[in-house]
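Q: Have a look at the structure that comes next, please.
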Amino acid sequence: MARSRIYPKPEDAPTPTFKERLSALGNVPRFLLLVWKTNPGLVITSAVLRVLRSAVPLAILYVGKLIIDHVVLFTREPAGVSHERLWELVALEFGLAIAADALSRGISLCDSLLGDQFANQSSVKIMRHAAKLDLDQFEDSVFYDKLERARQQTVGRTLLLSAVMSQAQDLVTMGFLAVGLLAFSPWLIALLLLAIIPSFLGESHFNNQAYVMNRWQTPERRELDYVRYLGASDETAKEIKIFDLSDFIVERFRALSAKFYNENRRLVIRRATWGVFFSMLGSVGYYAAYVIILVRTINGRVTIGELTFLAGSFRQMKGYLEGILTRFTGISQGAIYLGDFFEFFEIQPKIRTAANPLPFPRPIKTGFTFENVGFRYLNSERWANRGLSFTLHPGEKLALVGENGAGKTTLVKLLARLYDPTEGRILLDGVDLREYDLSDLRLNMGIIFQDYLRYQMTLAQNIAAGNIREADNRELIMAAAKSSLADELANRLPGQYDQVLGKRFANGVELSGGEWQKIALARAYMKDAQLLILDEPTAALDARAEYQVFERFAELTKGKSAVLISHRFSTVRMADRILVLEKGRLMEIGSHEELLAKRGRYAELFELQAMGYK
């Protein structure tokens, strides 16, 4: 973790223009369609409640005008005015106030429920799309920035939903209020616009600045989250204590968080300072209109009731217009953020099932053949594998040997089509691997990698992860556990197969590395796979336990193809053939005895390890 990184500076990032913001509003209909699909009933209910609520402000102002005119008339002609009419109007205004509150609460309820459902469905949509993408895409920092922005938008879009619907509601409300002002004096509307436009432009500018800052901060914010995770996690606590890394991590977090704070503070201070000025302009416009209405009232051109109605309408229209213009800036900005959200879903995997895929052969007839296969990681100049040509025959046990970084794990990922070759091709029974159904291909492969996951779930769920379609098949789960020697562990646990593993949740039980590995191995036996791949899954086992596991593995994979990676040559020699890799290239291939007789690289590595036991 470096002390300093090169990230884009805010001055290097282009600020969205007004035209670009308007263009970004094209994302809103697509967004609203997603909202509609989330829950049409709630959308309709919210829309109806908002229309009803929009009419209430004008109704209250008009009833208030009638009340004041009635009171004024009563003071002038007490005998000729009915009290009952006055109390009826008061009761009507009271009813309207109650209705306004009830409608507002109903709208908030609908928005809350709809927002939660949309956020949940968006998260599901992100997870499902991410699951379709290629492994090498997850190894790209640019992709991770897009994924992070899409995740951020999941919750943020619920706020956008409320803003869009509130905007529509306020526009309808303004339509009702504008009728009264237009009937009195159309130029009041023009005065109102002149008072509000400067504030709108100011808010628009600072929202742009906030968007740009948030976008270029994405990589560093991911680092900040990572540092926060390092500083307070059960998985990192051991090394943090042993190496006394706490101060280093805290200082790194403090430096990053202070940087964000200072950048945000500068923007917020400028925004608040200009906000005061723009707010003053708005107040000047409002009171200018108010004075004009007062003068006309004094001159007898409008009644006292009309004064309160017009002043109230102007004041509320000013508030609604300010809200609409400010919210427009927020919505247009949110629409740009929506572009980040939709951009993630436009990322498509390169590894796909063919248009007319072939089913996985049962049984495999001629095996897997690598023809001059090479693979290079994205943005890398170095070849992870190059010039690989060999065949994994049906029912053969093939061991991969080589130093760290020799390309062993990359080779098995190519075999499982987690990657496609950069050059050359891989054949299965003489047909390119790309021609087979991808789901069927992986269903027929049981793979356990060295960096397997330790799911903080029950023992049964941990094993079932190897073939989640059989999650309820307890008999199969128990058979898989027996095959990997994890059944003895299950019998010792308080909850047996229903015992929660790990310490993250209540009543969880932590296991040793060797115990976790036996559970991970059980996943490989959850499928009736024709090819099993073990990528150093027994590194945490002692030599005796590893030998027992591989002895059982050899027994259970009779008639099936298997690939195993291990640094222990006592295990490797159990394979039918051994493939030796160096810097991604095939150096030697043959049985244990044949390779020893060659006195090549394998023999050298074997003798070096043997010396350690003398």
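The values are calculated or read from the model by the stated rules, or taken from the named source; none is laboratory data. This one's a predicted model, so the numbers in the text were calculated from it and none came from an experiment. With ideal geometry, Cβ positions are generated from the backbone for all residues, glycine too; neighbour counts draw on all protein chains shown.
Q: What's the number of the condition ARG128 fails, among (1) surrounded by 15 or more Cβ atoms within 10 Å (Cβ to Cβ); (2) within 30 Å of LEU418 (Cα to Cα); (3) not aliphatic (A, V, I, L, M)?
A: (1)
Q: Continuing with this model, one more query. Can you list the strands (runs of 3 or more DSSP E) lying wholly within segment 393-502 that have 2 or more residues being over 26 Å from the mean Cα position of the chain (by Cα) and not aliphatic (A, V, I, L, M)? First the steps, then the outcome.
A: On the way: elements: 397-401, 423-428, 445-448.
Passing ranges, in order: 423-428.
Q: Would you please name the residue that is surrounded by the fewest Cβ atoms within 10 Å (Cβ to Cβ), looking only at residues in segment 534-570 that are at pLDDT 75 or above and outside any loop (DSSP other than H, G, I, E, B)?
A: ASP535
Q: Taking only segment 512-534 into account, find how many residues are farther than 30 Å from LYS365 by Cα, within 30 Å of the chain's Cα centre (by Cα) and not polar (S, T, N, Q).
A: Going through segment 512-534, the residues farther than 30 Å from LYS365 by Cα turn out to be 512-519.
From what is left, the residues that are within 30 Å of the chain's Cα centre (by Cα) are 516-517, 519.
Add one more test, that the residue is not polar (S, T, N, Q), and what stays is 516, 519.
Going through segment 512-534 one residue at a time, the tally reaches 2.
Q: Condition check: in the same structural domain as ILE67 (by TED's automatic domain parsing) and without any contact (Cβ under 8 Å) to a residue 24 or more places away in the chain. Does ARG271 satisfy that? I'd like the intermediate steps shown before the answer.
A: On the way: in the same structural domain as ILE67 (by TED's automatic domain parsing): yes; without any contact (Cβ under 8 Å) to a residue 24 or more places away in the chain: no.
In short, no.
Q: Name the residue, out of ALA59, ALA47, ALA55, that is under 26 Å from ALA100 (Cβ atoms), touching a Leu at 6+ places or on another chain (Cβ under 9 Å) and at pLDDT 75 or above. So that I can check it myself, show each step before the final result.
A: Working: ALA47 fails: touching a Leu at 6+ places or on another chain (Cβ under 9 Å); ALA55 fails: touching a Leu at 6+ places or on another chain (Cβ under 9 Å).
From the options ALA59, ALA47, ALA55, the qualifying one is ALA59.
Q: From PHE341, PHE375, grab the single residue that is outside the structural domain of LEU135 (by TED's automatic domain parsing) and crowded, with 18+ Cβ neighbours inside 10 Å.
A: Numbers: PHE341 fails: outside the structural domain of LEU135 (by TED's automatic domain parsing).
Only one candidate passes the filter, namely PHE375.
Q: Within segment 590-614, take every residue that is buried (at least 18 other Cβ atoms within 10 Å of the Cβ) and within 27 Å of THR366 (Cβ to Cβ) and give me the one that is modelled with the lowest pLDDT.
A: By that ranking, first place goes to TYR602.
Q: Pairs under 7 Å by beta carbon, first residue more than 16 Å from PRO40 (Cα to Cα) and modelled with pLDDT of 85 or more in segment 101-116, partner in a helix (DSSP H, G or I) and charged (D, E, K, R), six or more apart or different chains?
A: As it stands, the answer is LEU103/ARG53; SER104/ARG53, since those pairs meet every condition given.
Q: Tell me yes or no: at least one residue of segment 158-177 is part of a helix (DSSP H, G or I), more than 27 Å from PRO29 (Cβ to Cβ), modelled with pLDDT under 80 and of a type outside the set (Val, Ile, Thr).
A: Scanning segment 158-177 turns up at least one residue that is part of a helix (DSSP H, G or I), more than 27 Å from PRO29 (Cβ to Cβ), modelled with pLDDT under 80 and of a type outside the set (Val, Ile, Thr).
Q: Further, regarding this structure: Say we look at segment 503-525 and pick out the residues that are assigned to a loop (DSSP other than H, G, I, E, B) and of a type in the set (A, V, I, L, M, F, W, C); which of these is surrounded by the most Cβ atoms within 10 Å (Cβ to Cβ)? I'd like the intermediate steps shown before the answer.
A: The first filter runs over segment 503-525 and keeps only residues assigned to a loop (DSSP other than H, G, I, E, B), leaving 503-508, 510-512, 525.
If we keep only those that are of a type in the set (A, V, I, L, M, F, W, C) as well, we get 505-506, 511.
Working: PHE505: 10, ALA506: 6, LEU511: 19.
Within segment 503-525, the match that is surrounded by the most Cβ atoms within 10 Å (Cβ to Cβ) is LEU511.
Q: Determine whether segment 359-366 contains at least one residue that is surrounded by 15 or more Cβ atoms within 10 Å (Cβ to Cβ) and either within 30 Å of ARG128 (Cα to Cα) or free of Cβ contacts under 8 Å to residues at least 60 places away in the same chain (or both).
A: Within segment 359-366, one or more residues are surrounded by 15 or more Cβ atoms within 10 Å (Cβ to Cβ) and either within 30 Å of ARG128 (Cα to Cα) or free of Cβ contacts under 8 Å to residues at least 60 places away in the same chain (or both).
Q: Let me ask you something else. If you check PHE345, PHE277, which single one turns out to be at pLDDT 75 or above and within 33 Å of the chain's Cα centre (by Cα)? Break it down stepwise before answering.
A: Numbers: PHE277 fails: within 33 Å of the chain's Cα centre (by Cα).
Step by step, each of PHE345, PHE277 is checked, and only PHE345 is at pLDDT 75 or above and within 33 Å of the chain's Cα centre (by Cα).
Q: How many of the residues making up segment 455-478 are of a type outside the set (Phe, Trp, Tyr), surrounded by 15 or more Cβ atoms within 10 Å (Cβ to Cβ) and either in contact (Cβ under 8 Å) with a residue 24 or more places away in the chain or over 14 Å from TYR525 (Cβ atoms) (or both)?
A: Step one: of segment 455-478, the residues of a type outside the set (Phe, Trp, Tyr) are 456-478.
Then keep just the ones that are surrounded by 15 or more Cβ atoms within 10 Å (Cβ to Cβ); that gives 456-467, 470-471, 473, 476-478.
Those still in the list that are either in contact (Cβ under 8 Å) with a residue 24 or more places away in the chain or over 14 Å from TYR525 (Cβ atoms) (or both) too: 456-467, 470-471, 476-477.
So the answer is 16.
Q: Among ALA289, ALA311, which is the only one that is free of Cβ contacts under 8 Å to residues at least 40 places away in the same chain and surrounded by 16 or more Cβ atoms within 10 Å (Cβ to Cβ)? Please lay out each step first, then the result.
A: Working: ALA289 fails: free of Cβ contacts under 8 Å to residues at least 40 places away in the same chain.
Result: ALA311 is the single residue among ALA289, ALA311 that is free of Cβ contacts under 8 Å to residues at least 40 places away in the same chain and surrounded by 16 or more Cβ atoms within 10 Å (Cβ to Cβ).
Q: Just wondering, is there one or more residues in segment 243-260 that are part of a helix (DSSP H, G or I), modelled with pLDDT under 70 and surrounded by fewer than 12 Cβ atoms within 10 Å (Cβ to Cβ)?
A: Among the residues of segment 243-260, not one is part of a helix (DSSP H, G or I), modelled with pLDDT under 70 and surrounded by fewer than 12 Cβ atoms within 10 Å (Cβ to Cβ), which makes the answer no.
Q: Something else about it: Of the residues that sit in segment 262-286 and are among the hydroxyl-bearing types (Ser, Thr, Tyr) and surrounded by fewer than 16 Cβ atoms within 10 Å (Cβ to Cβ), which one is farthest from ILE67 (Cα to Cα)? Break it down stepwise before answering.
A: Quick first cut of segment 262-286, residues among the hydroxyl-bearing types (Ser, Thr, Tyr) only: 273, 279, 283, 286.
Checking which are surrounded by fewer than 16 Cβ atoms within 10 Å (Cβ to Cβ) leaves us with 273, 279, 283.
Details: THR273: 42, SER279: 32, SER283: 28 Å.
Looking at residues that are among the hydroxyl-bearing types (Ser, Thr, Tyr) and surrounded by fewer than 16 Cβ atoms within 10 Å (Cβ to Cβ), I get THR273.
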